[in-house]
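Report on one structure; see the data block that follows.
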Amino acid sequence: MYESDGEAGSSGIPNNLDAYFMPFTANRQFKANPRLLVAAEGMHYTAHDGRRILDGTAGLWCVNAGHGRKPIVEAVQRQVARMDYAPSFQMGHPVAFEAAAKLATMLPGDLDHVFFTNSGSEAVDSALKIALAYHRVRGEGARTRLIGRERGYHGVGFGGISVGGISPNRKFFGNLLPGIDHLPHTHNLEKNAFTRGQPEWGAHLADELERIVALHDASTIAAVIVEPVAGSTGVLVPPRGYLEKLRAICSKYGILLIFDEVITGFGRLGAAFASEYFGVIPDMITCAKGISNGTIPMGAVALRRGLYDAFMAAAPENSIELFHGYTYSGHPVAAAAAIATLDLYVKEGLFQRAAELSPYWEEAAHAMRGLPHVIDVRNLGLVCGIELEPIAGKPTARAFDAFLRCYEKGLLIRTTGDIIALSPPLIVERKQIDEIFGTLESVLKAAA
Ligand SMILES: Cc1ncc(COP(=O)(O)O)c(C=O)c1O
């Protein structure tokens, strides 16, 4: 049973669940039957009732090296004791510089400059602002239009929800940013259901960017932002040739291409970044989550050298080049966590490990084909999406029920709509992959 440091009832559940307005959660449903996690180690959580829960989702796609890793914990402990905080504007501290330099060695191409944020949402909004400012400092200030994609998730800032393509995340929040357009999403069950890896059909959907350029004129467009693999809307793997086309069209018209790698970064596909995996180099990469193994909040925007240089060239040496930043940009404790995390990824070869495990993962995932109500399985690296047929008139209910039943059986999965998304820590063992899909299979069969 969990012993709380604070005020917990005899059940291990806090006496007051009311005050906390939970994010992206059915608050009343949750509080009526709470699912509380109280400890974590390796591939497992411990629930408040003492049960071990196998983590099939790396927390929220962030704990790529597994939970409670000693080198990260100790780095955080050392740093918080040595220096808790230092101002980030017109001052610096060594740990942030070291973290940026280390991250730069992992980034593809000439993406070798790093702007720190505290989350993926902030990374996205920062990247969009950097894109606008970049064009402006080069004398192309008319490039203000931003292009996202339907079914894109780019966090919850106003920039992110504006370029994002998820209706409930947008409709409650007013007019959003002006001057936004969206590419069509690439999801098509008729053409691509049960594809292993990248689908053959759909590269032509990138040509829609040409249509958008023709409509608005390239001189008004600042940037295109996409997730290389859309994660939050259900693991949408890019069709073969699609990202290459987007890159070519952006280059042709001087439009910046931003890959939002908040989920795909740090080994999820079996390479440091999806950009490296697909061999398509964007102008900026947004990342977060796995950058610090989820231990301390952190995000980052990586920029190509030319972008950084443009800012340096545009202003006198004693003036601020970018009027943007956060109190906690490059926070010492987060930076220490990031350094230890990146070192751990390298030392344990975790990205390589993900690549080596991915065929086994693919087999196990596609064994779900044929189970009741499974209408698609898709996968890449150590991620997969299993799409279920919605219950008529009750969208999301079938997948949410599977989530609850899996949790009862000691497995954490994630659902979005009627899609189950699985993305375990990269330390997952084959027998744990068997356990993940074995539990899911029994749940899907039982619910039939
Ligand atoms: C692609 C992508 N971008 C941005 C975000 C937002 O990150 P955060 O929740 O850290 O703000 C997420 C979170 O899942 C994401 O998947």
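Coordinate-derived values only; no laboratory data. These figures come from a predicted structure and were not determined experimentally. All Cβ positions, even for glycine, are placed from backbone atoms using ideal geometry, and neighbour counts span all protein chains on display.
Excluding same-chain neighbours fewer than eight residues apart, the lysines reachable from Lys252 by a Cα-Cα span under 27 Å are Lys129. Antiparallel as a % of all DSSP beta bridges within the chain, to the nearest 5? Counting only bridges with both partners in the chain, antiparallel ones make up about 65 percent.
For the chain, what relative contact order do you get, as a whole percent, if you take Cα pairs closer than 8 Å and at least 6 residues apart? Walk me through the numbers before you get to the answer.
Values: 898 pairs, mean separation 94.1, N = 448.
Relative contact order comes out at 21 percent.
Residue exposure proxy: Cys62, Cys287, ordered by other Cβ atoms within 10 angstrom of their Cβ from fewest to most, comes out as Cys62, Cys287.
Of the peptides 169-178, 352-361, 150-159, the ranking by mean beta-carbon count within 10 Å, highest at the top, reads 150-159, 352-361, 169-178.
Near the amide H of Ile391, within less than 5 Å, lie the amide hydrogens of Thr396, Ala397, Arg398, all on another chain or at least 5 residues away, with H placed in the peptide plane. Overall, the ratio between the Cα radius of gyration of the chain and 2.2 N^0.38 Å, rounded to two decimals, is 0.98.
Set the Förster distance to 51 Å, then compute FRET efficiency between Met83 and Ala367 from the Cβ-Cβ distance, nearest 0.05. Efficiency, rounded to the nearest 0.05: 0.50. Taking amide H as placed 1.01 Å from N in the peptide plane, Leu411 has its amide H under 5 Å from the amide H of Leu54, each at least 5 places away in sequence or on another chain.
If you stretched the chain out fully between His216 and Ser11, how much longer would it get, using 0.36 nm times the residue separation minus the C-alpha to C-alpha distance? Write down the numbers at each step before the final one.
Values: separation 205, 0.36 × 205 = 73.80 nm, distance 5.96 nm.
The His216-Ser11 span can extend by a further 67.8 nm.
Between Lys289, Lys191, Lys431, the residue with the greatest mean-square fluctuation in the GNM of the chain (Cα pairs under 10 Å linked by springs) is Lys431. Each peptide among 39-52, 224-237 gets the average number of other Cβ atoms lying within 10 Å of its residues, and from highest to lowest they stand as 224-237, 39-52. For Leu256, nonlocal amide neighbours, meaning residues 5 or more places apart or on other chains whose placed amide H falls under 5 Å from its own, are Ala223, Val224. Which of these, Lys31, Lys102, Lys252, has the largest mean-square fluctuation under a Gaussian network model of the chain (Cα springs below 10 Å)? Result: Lys31 has the largest fluctuation of those listed.
What the phi angles of the range 218-226 give under the Karplus curve with 6.51, -1.76 and 1.60, with θ = phi - 60°, is a coupling list of 4, 5, 9, 10, 8, 7, 10, 10, 9 Hz, glycine and proline written as x.
For the range 314-323, backbone phi angles converted through the Karplus equation (6.51, -1.76, 1.60; θ = phi - 60°) give residue-by-residue couplings of 8, 10, x, 4, 8, 10, 5, 7, 9, 7 Hz, Gly and Pro being listed as x.
What does the extension gain come out to for Asn175 and Glu244, with contour length at 0.36 nm per residue minus their alpha carbon separation?
Values: separation 69, 0.36 × 69 = 24.84 nm, distance 3.22 nm.
Extra length from Asn175 to Glu244 when fully extended: 21.6 nm.
On a C-alpha basis, how far is the centre of the range 393-448 from the centre of the range 210-276 in Å? Whole number, if you could? Centre-to-centre (Cα) distance: 29 Å. Of Asn318, Asn16, Asn293, the residue with the greatest mean-square motion in the GNM of the chain, using alpha carbon springs below 10 Å, is Asn318.
Residue by residue, the range 254-268 carries 3J(HN,Hα) couplings of x, 9, 6, 9, 10, 9, 8, 10, 4, 9, 7, x, 6, x, 4 Hz when phi is fed to the Karplus relation 6.51 cos²θ - 1.76 cosθ + 1.60 (θ = phi - 60°); x denotes Gly or Pro.
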